[in-house]
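Worksheet: the structure to be examined is printed underneath.
Quick note: the coordinates plus some simple rules give every number you see, no bench work behind them. Model, not experiment: these values are computed from the prediction. We place every Cβ from the backbone using ideal geometry, glycine too, and count neighbours over all the protein chains shown.
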Protein chains: 4
Amino acid sequence: MSMQFDPNKAIYAQIADYYYQQICSGELAPGEKLPSVRDTAQRLQVNPNTVSRAYLEMDREKITFSKRGQGTFVTMDMEDIQGLKKSLAADQMQALIKYMKRLGFSEDEMVDSLKRSLKEMKDS
Amino acid sequence: MSMQFDPNKAIYAQIADYYYQQICSGELAPGEKLPSVRDTAQRLQVNPNTVSRAYLEMDREKITFSKRGQGTFVTMDMEDIQGLKKSLAADQMQALIKYMKRLGFSEDEMVDSLKRSLKEMKDS
Amino acid sequence: MSMQFDPNKAIYAQIADYYYQQICSGELAPGEKLPSVRDTAQRLQVNPNTVSRAYLEMDREKITFSKRGQGTFVTMDMEDIQGLKKSLAADQMQALIKYMKRLGFSEDEMVDSLKRSLKEMKDS
Amino acid sequence: MSMQFDPNKAIYAQIADYYYQQICSGELAPGEKLPSVRDTAQRLQVNPNTVSRAYLEMDREKITFSKRGQGTFVTMDMEDIQGLKKSLAADQMQALIKYMKRLGFSEDEMVDSLKRSLKEMKDS
DNA sequence: GTGGTCTAGACCACT
DNA sequence: GTGGTCTAGACCACG
């Protein structure tokens, strides 16, 4: 992997987000074991404590659960995963809406713009 | 200001993007003078050449024009600015669509999600 | 080669012009690889950055395209090359017209003069 | 003035060309006195001998004549000036034709291109 | 002062 | 090896 971090956001949150996306997109299946804290830390060249904090955060959100001595696993509760998906989507949507508003777009124009982009991507 | 740069994207491109947003949102009005290359460079703690390259890029896109010995100014052609707005919006939309697709959203669900987020933001 | 540069024009622009002519005249075929930035720089005795800027300019005009780690290549889109030809020709024509006007030639006389020169060159 | 010299051409020839243009365009009238060799040399930052050689060349071509102790003057023979005009024009035309041929233009296309450029310059 | 250009030298990501 | 980017520092032409 070798991730690049955005200096504006806490690294642990970016690590959590990364796993959130892996889980939502199915690249990490329900019940699957996440890489160990130590492995992840070495791969990303960050302090293990930082990774640990990310895992704690994911556990707290019920997206993962940890078994002492065994590791951290993706939740098997599909509703939690669905909830996460919606939450991630909502975050992205909010950021987009803010951005478009700054550019002077009305709400209807945003919807139109999205539909147009969808059509364009299908064509190409 | 004191900007934070995303290490994944060229700095000069991020500087141009910053001014693009300022111009599209009207914070920099048509005909208004941009800060000088040297001022911007010092403020952002980057080399003047890097800023110069950003200005060159904006000039080339017809969003600004430079007068030797006087400075760099926002274009007075509103059509060029409108075109830029659309282009920036399309870029954001494409990024969003990619992200949502990875999460497993269908196209209709994306439109629904946008509408829901718009409503929520209005309510709060 | 060992080019001589006109001090009135930016070196990078003259390098681009040189390649433009090579491409339009077919000495560099569509799809053919241009000499590397470093080679060109050494041959012309200029800084690699200056050559790089020329290549950037040509890329931006869609006359060449660059592949990271492989090199810079002539476009395979013949329409772009045709457009370049017309553009170069128009530039030369404009310069000529200005010059002839200063000498007091009327427009009809210019056309006559061109025809006469064409005939003379064919005869000799 | 402060001229910039093309390193590919003899400086004295460029100086002569400069005066040729001045004379053909009427900026230097028939019978008018040219600046002294010494003045021209200082103004152009070249050796007086170089200027002298240019004046000699113009005298030889009957475009100017020199009176010992008085200076160099534009010829009053309008036919000589007309001949010079034609000669300068022919030189430019030949250079243009060579260039256009390299680009792959046919002779008819050259004439068309000239006519089109003339029309465009009138419109703008 | 302004932007425009050039040199020198460095590091990166990609094949 | 390739092009892409960045820094440092310089000189120029213009107003």
Non-local amide H neighbours of A:Phe5 (under 5 Å, H modeled in plane, Pro and chain starts lacking H): which ones?
none
Averaged across A:107-117, how many Cβ atoms of other chains sit within 10 Å of each residue's Cβ atom?
5
Run through the other copies and list how far each one's label point is from that of D:Ala90, in nm with one decimal, shortest first; the point sits 7 Å from Cα along Cα-Cβ.
3.2, 5.5, 8.6
Would you calculate a helix-derived [θ] at 222 nm for chain C, using -39,500 (n - 2.57) for each DSSP H run of n ≥ 4 and dividing by the full residue count, to the nearest 500?
-20500 deg cm²/dmol
Could you compute the net charge surrounding C:Thr72? Neighbours are other residues with a C-beta less than 14 Å from the C-beta of C:Thr72; K and R count +1, D and E count -1.
+2
Contact order normalised by residue count of chain B, Cα under 8 Å, 6+ apart, percent:
23
Using the beta-carbon distance between B:Lys122 and B:Lys62 and R0 = 41 Å, what value does 1/(1 + (r/R0)^6) give for FRET efficiency, to the nearest 0.05?
0.70
Cross-link partners among aspartates and glutamates for C:Lys119, C-alpha distance below 18 Å, same-chain residues fewer than 8 apart left out?
C:Asp108, C:Glu109, D:Asp91, D:Glu107, D:Asp108, D:Glu109, D:Asp112
So, over other residues within a Cβ distance under 14 Å of B:Gln94, counting Lys, Arg +1 and Asp, Glu -1, the net charge is +4
Across D:Ala13, D:Ala54, D:Ala90, the residue with the highest GNM fluctuation in chain D (Cα network, 10 Å cutoff) is D:Ala90
Under 25 Å between alpha carbons, and skipping anything fewer than 8 positions from B:Lys9 in its own chain: which lysines qualify?
A:Lys9, A:Lys98, A:Lys101, B:Lys62, B:Lys85, B:Lys86, B:Lys98, B:Lys101, C:Lys62, C:Lys67
The ³J(HN,Hα) series, computed from each phi in the range D:20-35 with the Karplus coefficients 6.51, -1.76 and 1.60 at θ = phi - 60°, rounded to the nearest Hz and given as x for glycine or proline, is 4, 5, 4, 6, 5, 7, x, 5, 10, 7, x, x, 6, 7, 7, x
Which residue, chosen from A:Ser36, D:Asn47, D:Ala89, occupies the Cα position most advanced towards the positive end of the dipole of the protein assembly as shown, where the dipole is computed from +1 (Lys, Arg) and -1 (Asp, Glu) charges on Cβ about the Cα centre?
D:Asn47
Between C:Glu61 and the same site in the other copies, what are the distances in nm, shortest first, taking label points 7 Å from Cα along the C-beta direction?
2.2, 3.1, 5.0
In terms of the charge dipole of chain D, which places +1 on Lys and Arg and -1 on Asp and Glu at the beta carbon, the residue among D:Phe73, D:Leu103, D:Ile23 farthest towards the positive end is D:Phe73
Tally Lys and Arg at +1 and Asp and Glu at -1 over the other residues with C-beta under 10 Å from the C-beta of B:Ser25: what net charge comes out?
+2
Under the Karplus relation 6.51 cos²θ - 1.76 cosθ + 1.60, θ = phi - 60°, what is the ordered set of whole-Hz ³J(HN,Hα) values for the range C:53-63, x standing for Gly and Pro?
5, 4, 5, 4, 4, 5, 4, 5, 7, 6, 8
Would you work out the charge dipole size for chain A about its Cα centre, treating the Cβ of every Lys and Arg as +1 and the Cβ of every Asp and Glu as -1, and quote it to the nearest 20 debye?
320
I'd like the distance between the alpha-carbon centres of the range C:51-118 and the range B:59-115, rounded to an integer number of Å.
32
Does chain A come out rounded, prolate or oblate by the C-alpha gyration tensor, with a ≥ b ≥ c the root eigenvalues, rounded set by a/c under 1.5 and, if not, prolate when a/b is larger than b/c and oblate if not?
prolate
Just checking the output field for A:23-35: average partner chain Cβ neighbours within 10 Å of each residue's Cβ?
1
What are the ³J(HN,Hα) couplings of the range B:84-101, residue after residue, when phi is run through the Karplus curve with 6.51, -1.76, 1.60 and θ = phi - 60°? Round to Hz, x for glycine and proline.
4, 4, 4, 5, 4, 4, 4, 4, 4, 4, 4, 4, 4, 4, 4, 4, 5, 4
Roughly speaking, what is the stretch gain from C:Lys9 to C:Glu107, that is 0.36 nm per residue apart minus the C-alpha to C-alpha distance, in nm to one decimal?
32.4 nm
Can you sort C:Arg53, C:Arg38, C:Arg68, D:Arg116 from fewest to most other Cβ atoms within 10 Å of each residue's own Cβ?
C:Arg68, C:Arg38, D:Arg116, C:Arg53
I need the shape label for the protein assembly as shown. Rule: rounded when a/c is under 1.5, else prolate if a/b > b/c, else oblate, with a, b, c from the alpha carbon gyration tensor.
prolate
State whether the range C:11-76 is rounded, prolate or oblate according to the following rule on the C-alpha gyration tensor (a ≥ b ≥ c being the square roots of its eigenvalues): a/c under 1.5 gives rounded; otherwise a/b larger than b/c gives prolate, and the remaining case gives oblate.
prolate
